[in-house]
Amino acid sequence: MNQISAADDLGQRLRDVVGAVFGVDPAMITADASSATIAEWDSVRHLQLMLALEEEFNVQFDADELVSLRSIALIDQRLRASAS
Amino acid sequence: MTPTVVTLPPGIGSRGLSAAEYARIAREISSMADSSPLKTLRLSVLSSCSMQFMQPALVVEGARRGLHVKAYYGPFGQFEQVLSDPGSELHAFDSHALLLFMRPEDLDPDFIHRYAANDRGRDILQSTIDRLIASVDSFRQRSNAPVLVANFATPAHLPLGPFDANATDSLTHALAEANLALGKALSRYASAIIWDYAGLVRDSGGSSWTDPRMWAIARVPVASDRQPVLARHLARSLAALTFTPAKCLVLDLDNTLWGGVIGDDGVEGIKLGDDYPGNVFKSFQRAILGLADRGILLAVVSKNYPAVVEEALRTHPEMLIRPESISAMRVNWLPKSQNLREIAAELNIGIDALVMFDDNPVERAEIAANAPEVRVVDAPADPLGYERALYECGWFDTVSVSQEDRQRVQMYRTERAREEIRSSATSVEEFLTSLEMIAETGPVDSVNIARVAQLIGKTNQFNLTTRRHSQADVARMAADAGYEVVYTRLADRFGDLGLIAVAIVDYRGEEAIIDTLVMSCRVMGRQVENSLLAEVAELARGQGCTKLIGEYLPTARNGMVADLYEKLGFVKTETLGEDGARFLLDLTQTALPWPAPIRRIETRPAK
């Protein structure tokens, strides 16, 4: 499962970046949050988020991923895949 | 107005920020009240591609330059529609500036890749220029705000690769010519200027400027790691349009103009020459003289022994900055903040017109604490970074450099010669007569309008109303029969002082109202204002006016002219606001005589 635990460093960093880009409290960002549930997650901020994540986690998404990683669960899974 | 040094959220200083930090800090700045020390600047952006990704970085970089940037981004690809619709969001936004960002490759995707094949490249460029000019015209019908027009960047890949520049019909040549043509076309407009996007892309490594993913997905032409560079460049330009540029660069000496400490190392021991590390300092001196060439005054403040400094500046064979280039000097052991105040007073400029360059962070902190109006360059520890820090501080940026600017250093030198005869003359009248002044007064024309607008925009002290009319406003009034825009040029036995005073008169039936009266501080105390007002009175009589009306609106800086009109025989008729006033001169009763010490030369006919 892609559960995000508060004690989990990667999960916390992810929520911090999402919180900074969208201007929402990181504690409010739950594992099931997505562009469908967070009003601030529009198409411009989505790309800003992707690029901020690339910087924070030192990864590079391909164009398909940039388009499709529209939920916390998907992002979390993708970041863990490159971290392992 | 000068930029306020703002304390931004802790730690942002001048360091690089991550995208997440930009987003977070931009949000904090945007939520600041309008009463914050930042100056609000509303920017409209019309572009042929997606530009709003720069917004977080633009807000932060704007704040670093004293601006609270609020931006409106038009729907991309739409120029004519948005500009011609009086009800559009753009017009409702009441912009302080408009950025037009139109790329030929967005208008026609064949432009780059098939440039050689279809022979349409030049037509596409021409039609891009035509659309940009039409957009400026359209905007001008509703706003006089400055327009920044992005010029055309060279694409990362050229049709003929490394040899593209060889062929005169190549894309490389066509772009260079188009950029010149664009600049030429814009030069006809007041406050419509090139924003050098091409230079920015070139300097930042053209091929890594664009992230192909962002272009393909979202039509964003600028990679995310370049957005801060883009934002800094734009924020710097917007600050230059908003704030008064600095007038004087004040330099430290040891480890700034040369390497080493002259008090310890001696004149022969300092590092200055054509080999490392002396060449670093020599090159920095060249960069400084480049600023002097375009009218920035140079001054020196150094904790040092005056005799050894004097000897070094006069005799060191590698020294480029000689005493003649330095308009004011304080070499002593007093706090630098105190010396800076004295220098501002000596040069008769505001202390906020000074920029200090000092390698020593302790001295910089002392100045920041005790003379916070002085703009202090954040000089890097390594002298190799000095030039860049000086070029990038942006405090000397001006949209145009006038002839007066170029001659300013020489003018200050001759001012010292005038001072010498002033001290030997026995009366003011004798002194003024001995100057052999010649004044030319006339209506503003297309040649001198930039200088006229500059004087109106920059003069703080001898400025009766401080109405900052833009060049476009001045042009409009000059063309309007209901106004008169008159200037004075002055020369004396020491040389040409240039265009140094301007009056704008608003004719309203019987009344001629002096909307604006400004004069350069360089010519204060020489009765030049009397000559300009004598001319104004004569013109007003010629228009059939019987009343000449002057206004004084006080600011923090213009106290010296509070009683100007009364001294000339005007009568105070009413108060304006707190301490302002209106004054009346009855043209049927009182004459304003032309001052005797100034010879008048034939003016061109007023309209």
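The values are calculated or read from the model by the stated rules, or taken from the named source; none is laboratory data. As the structure is a computational prediction, the values presented were derived from the model and not from experiment. Here Cβ is always computed from backbone atoms with ideal geometry, including for glycine, and neighbour counts include all displayed protein chains. For accessibility, only protein heavy atoms count, side chains too; no ligands or nucleic acids. Shrake-Rupley method; radii C 1.70, N 1.55, O 1.52, S 1.80 Å.
Things to note:
- Top-ranked residue in region B:428-464 [being of a type in the set (Ser, Thr, Tyr) and under 21 Å from the mean Cα position of the chain (by Cα); ranked as most open to solvent (accessible area, probe 1.4 Å)]: B:446
- For region A:51-65, the candidate set comprises residues that are in a helix (DSSP H, G or I) and more than 9 Å from chain B (Cβ to nearest Cβ); within that set, the residue that is farthest from residue A:10 (Cα to Cα) is A:64.
- Within region A:36-50, the residues that satisfy the criterion of being more than 8 Å from chain B (Cβ to nearest Cβ) and either open to solvent by less than 30 Å² (accessible area, probe 1.4 Å) or under 19 Å from residue B:212 (Cβ atoms) (or both) are A:38, A:41, A:46, A:49, A:50.
- Note on region B:12-28: residues that are open to solvent by less than 10 Å² (accessible area, probe 1.4 Å) and either touching a Ser or Thr at 6+ places or on another chain (Cβ under 8 Å) or at pLDDT below 90 (or both) total 1.
- All positions within region B:362-401 that are more than 23 Å from residue B:61 (Cα to Cα) and not in a loop (DSSP other than H, G, I, E, B): B:362, B:363, B:366, B:367, B:369, B:370, B:383, B:384
- Residue check for residue B:367: surrounded by fewer than 20 Cβ atoms within 10 Å (Cβ to Cβ) and closer than 21 Å to residue B:66 by Cβ: no
- Qualifying residue in region B:439-455 (condition: assigned to a loop (DSSP other than H, G, I, E, B) and under 23 Å from residue B:238 (Cβ atoms)): no
- Residue list for region B:23-57, filter: within 29 Å of residue B:108 (Cβ to Cβ), away from chain A (no Cβ under 13 Å), aliphatic (A, V, I, L, M) and out of contact with any His (no Cβ under 9 Å at 6 or more places or on another chain): B:45, B:46
- Residues of region B:330-364 satisfying the condition of being under 21 Å from the mean Cα position of the chain (by Cα) and surrounded by 15 or more Cβ atoms within 10 Å (Cβ to Cβ): B:344, B:347, B:349, B:350, B:351, B:352, B:353, B:354, B:355, B:356, B:357
- Among the residues making up region B:168-187, a single one is under 19 Å from the mean Cα position of the chain (by Cα) and part of a loop (DSSP other than H, G, I, E, B): B:187.
- Candidate set from region A:14-35 (those that are part of a loop (DSSP other than H, G, I, E, B) and either touching a Lys or Arg at 6+ places or on another chain (Cβ under 7 Å) or of a type outside the set (Ser, Thr, Tyr) (or both)); member that is farthest from the other protein chains (Cβ to nearest Cβ): A:32
- Every listed requirement among (1) away from chain B (no Cβ under 14 Å); (2) exposed (fewer than 13 other Cβ atoms within 10 Å of the Cβ); (3) among the small types (Gly, Ala, Ser) is met by residue A:11 save one, (2).
- Entry remark, region B:199-257: residues being assigned to a helix (DSSP H, G or I) and away from chain A (no Cβ under 13 Å) number 22 in total.
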